[in-house]
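Here the structure comes first, spelled out in structure tokens, and everything after it is commentary.
What follows is calculated from the coordinates using simple rules that are stated; it is not laboratory data. Since this is a predicted model, take the numbers as computed values, not measurements. A quick note on method: Cβ atoms are made from the backbone with ideal geometry, for glycine too, and the neighbour counts reach across all protein chains shown.
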Amino acid sequence: MLALGLALAGLAHQPLLAQESLQRAPEAASGYAEKAGWPARNYMVAAANPLAVDAGYRILKQGGSAIDAAIATQLVLTLAEPQSSGIGGGAFLVHYDGRQTQAFDGRETAPGKADEHLFQRPDGKPLSRTEGIVGGRSVGAPGVLRMLELAHRQHGKLPWKTLFEPAIRLSEDGFAVSRRLHALLAGDAHLRKDPVAAAYFYDRDGQPWPVGHVLKNPELARTLREIAEGGADAFYKGRIARDIAAKVAGHPTNPGLLSAADIAGYRPKVRTPVCSDYRVYTVCGMPPPSSGGIAVAQMLGMFETMDMKALAPANGVPGAQAVHVFSEVGRLAYADRNRYAADTDFVPLPGRGVPSLIDKSYLARRANLVQQRSMGEAPAGTPPGMEVAWGTDNAIETPSTSHVAVVDGYGMGLAMTTTIEDAFGSRQMVGGFMLNNQLTDFSFDSRDADGPVANRVEAGKRPRSAMSPTIVFDKASGKLVLTVGSPGGPAIINYVAKVLVGTLDWGMNVQQAIALPNFGSRNGPTELEAGRFPAATVGELQARGHQVRISDQTSGLHGIERISIHGVPLWFGGADPRREGVAKGE
């Protein structure tokens with residue numbers, strides 16, 4: 001590590017103005033700790049848990065590639081951050097190999113026996129949130145391991161087996177329960193209902209293990225050892241797949257449809273990333289079934305018509321005009337997202353597809369809708385060439401998620417957002433890991449007066465996501481200058497857009513941009529992070545017609561950017577002060 005004097009000025013927290021929440025946060029807040037950011041010369045990894053970051057760092061130090069480091073990091077996250085991601089879930093990965101950018105799709109798929117009524121009662125009304133999530137009904141075929149294996153075949157440097165060693169060792173030796181994990185265990189109402197999870201996460205009195213308790217996971221060590229030896233097939237075609245299917249089918253009150261055949265048939269996909277120019281940069285994100293790449297590109301395309309530099313924050317807090325513009329642009333992007341985004345293997349995008357939705361002329365017309373008063377709820381647009389209409393989506397979308405950013409010594413870099421959906425997923429544990437509840441990212445309603453919902457459940461389909469792993473390049477040189485992403489459910493799009501504006505328009509380093517208060521709109525109320533905005537800003541927004549909601553905005557942003565100090569090029573990593581992540585490199 002380079003001992004460079006790079007530090008953030010502290011951001012003063014304002015008194016809590018109100019505690020209103022539009023929607024329960026994917027993961028509860030567990031504190032805020034200022035971070036200065038981390039510099040390195042040659043390679044770096046940033047992620048949500050120090051143990052996972054250390055694993056990725058050690059792989060880079062051994063000569064591993066960015067993909068190698070991401071795999072090692074993900075495996076330790078499965079152990080040490082089980083509420084957020086793991087091998088029982090899925091992921092999206094945007095990867096740059098020094099020549100081309102690829103989008104790897106490891107999103108879960110719906111069972112072969114599933115249909116659009118999966119989350120509906122016999123009368124057609126949607127199930128409640130809890131009825132949908134907890135149990136076997138919500139579990140999709142996990143995709144992260146197949147995706148990572150595919151990426152490793154193309155871009156790995158170290159043997160597959162080597163990448164499992166840190167996680168296997170930690171699973172056997174144990175890791176100390178962190179304050180965040182303890183808090184989430186204490187606050188979860190459903191995890192204790194699964195006997196396997198209850199025996200692992202709680203003591204005999206049903207209390208969560210205290211902070212610092214050394215938690216060992218021999219079952220996960222066994223699972224990882226089998227996969228290290230046998231490749232992803234050991235997960236998808238053998239004992240582990242049968243155990244997952246049995247767990248799903250055997251839930252006492254809410255059994256699911258996922259079968260061992262569904263798991264064995266899972267295939268990751270390599271897709272064309274969503275890339276668009278923004279001022280002097282090219283920004284690349286994830287295509288459908290993620291809505292993130294399109295929505296972020298739409299927001300940037302609208303911002304490009306505006307003088308965003310003039311809206312730079314004062315003392316680290318955006319003013320009312322900045323929040324207003326950002327929220328109105330967000331409304332327009334989310335309106336299109338909620339109407340059109342879905343798995344394009346099943347549902348076409350309107351017009352010419354992605355090019356229509358990020359068309360500069362179309363976005364300029366959308367940006368003209370931003371006036372001095374809030375529009376409240378924005379209508380979906382009519383992209384060039386559109387001939388299809390869809391119903392409005394009502395997916396639950398409260399993903400419990402994690403983000404990994406890596407740059408290596410070979411000129412490669414990546415952004416990977418990885419998830420099991422809700423905190424602790426479906427609350428079902430098997431083989432030492434948690435199973436996802438990803439199917440609740442489908443719309444619970446399947447059609448409305450406007451027609452079928454694009455993101456309705458269909459057999460083999462991948463649910464829509466807001467995950468927005470993003471890589472930014474200098475347009476003139478083609479050099480990678482930033483990799484960033486976040487957890488946070490549908491708010492992910494706003495979180496990532498905030499960092500892009502902060503770094504590309506407002507001249508902040510990535511740590512400063514991450515630490516900015518979270519704000520924006522998902523085409524509903526204007527949402528502000530609790531304790532971060534003065535009362536005068538709230539009052540001015542309300543005077544402009546904004547319905548303001550103040551709540552914890554528990555992002556988990558991680559990013560790495562290319563900077564220069566005294567002419568020396570460096571990598572600089574940032575980690576969200578709202579979670580326990582770090583960056584590390586040399």
Phi to ³J(HN,Hα) by Karplus 6.51 cos²θ - 1.76 cosθ + 1.60 over region 557-563, Hz, x for Gly, Pro: 5, 9, x, 9, 10, 8, 10
Pop a pseudo-label 7 angstrom from the Cα along the beta-carbon direction at both residue 34 and residue 280 and give the gap in nm to one decimal. 3.1 nm
DSSP-loop trypsin sites (Lys or Arg not before Pro) across region 549-586, with at most 12 other Cβ within 10 angstrom: none
Enumerate the lysines that residue 461 could reach by cross-link, defined here as Cα to Cα under 24 Å, with residues fewer than 8 away along the same chain left out. 113, 125, 237, 247, 269
For the residue pair residue 535 and residue 346, what label-to-label distance in nm results when each label sits 7 Å from Cα along the Cα-to-beta-carbon direction? 4.9 nm
Sorted by average packing, counted as other Cβ atoms within 10 angstrom per residue and highest first, what order do 264-270, 140-146, 483-489, 446-452 take? 483-489, 140-146, 264-270, 446-452
If amide H atoms are built 1.01 Å from N in the plane of the peptide, which residues on other chains or at least 5 residues away come under 5 Å of the amide H of residue 549? 526, 527, 528
Would region 282-367 count as rounded, prolate or oblate if I go by the C-alpha gyration tensor, calling it rounded below 1.5 in a/c and otherwise prolate when a/b exceeds b/c, oblate otherwise? prolate
Please work out the Cα center distance from region 127-166 to region 316-346, rounded to the nearest Å. 29 Å
At a threshold of 8 angstrom on Cα-Cα distance, excluding pairs fewer than six apart, so keeping six or more, what relative contact order does the chain reach in percent? 27 percent
For region 181-288, report the % of Cα-Cα distances exceeding 16 Å. 74 percent
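Want the number for residue 161 to residue 62: 0.36 nm per residue separation, take away the alpha-carbon distance, what's left? It would help to have the intermediate numbers written out before the result.
Details: separation 99, 0.36 × 99 = 35.64 nm, distance 1.38 nm.
Stretched out fully, the residue 161 to residue 62 stretch lengthens by 34.3 nm.
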Expected vector for region 284-300, Karplus 3J(HN,Hα) from phi with 6.51, -1.76, 1.60 and θ = phi - 60°, integer Hz, x for Gly and Pro, equals 10, x, 8, x, x, x, 6, 8, x, x, 5, 5, 5, 4, 5, 4, 5
For percent of Cα pairs over 34 Å apart, one of (i) 44; (ii) 56; (iii) 34 was computed from the structure I shared and the rest are decoys. Which label? (iii)
Could you check the simple spin-label distance between residue 179 and residue 261, using points 7 Å along Cα→Cβ, in nm with one decimal? 5.1 nm
For region 45-107, take N as its residue count and report Rg(C-alpha) divided by 2.2 N^0.38 Å. 1.13
Out of residues 5 or more away from residue 120 or on other chains, whose amide H comes under 5 Å of its own, with H placed 1.01 Å from N in the peptide plane? 127
Measuring from a point 7 Å past the Cα of residue 130 along Cα-to-C-beta, which residues in region 180-216 have an amide N at less than 16 Å? 187-194
Two-site FRET efficiency, residue 365 against residue 306, from Cβ-Cβ distance with R₀ of 22 Å, rounded to 0.05: 0.95
Rounded, prolate or oblate: which one fits region 477-518, using the alpha carbon gyration tensor with axes a ≥ b ≥ c (rounded when a/c is under 1.5, else prolate when a/b beats b/c, else oblate)? oblate
Could you run the Karplus curve 6.51 cos²θ - 1.76 cosθ + 1.60 with θ = phi - 60° over region 31-36 and give me ³J(HN,Hα) per residue in whole Hz, x for Gly and Pro? x, 9, 10, 4, 9, 8
Can you bin region 442-552 into rounded, prolate or oblate? Criterion: square roots of the alpha carbon gyration tensor eigenvalues sorted a ≥ b ≥ c, rounded for a/c under 1.5, prolate for a/b above b/c, oblate for the rest. oblate
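Length gain on complete extension for the stretch residue 321 to residue 199, per 0.36 nm per residue less the alpha carbon to alpha carbon distance? Present the calculation step by step, with values, prior to reporting the outcome.
Values: separation 122, 0.36 × 122 = 43.92 nm, distance 5.12 nm.
Once the chain is fully extended between residue 321 and residue 199, it gains 38.8 nm.
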Which peptide among 522-531, 370-379 comes first, and what is the full order, when sorted by highest mean count of other Cβ atoms within 10 Å? 522-531, 370-379
Could you list which residues have their amide H under 5 Å from that of residue 386, counting only those 5 or more apart in sequence or on another chain, with H placed in the peptide plane? 351
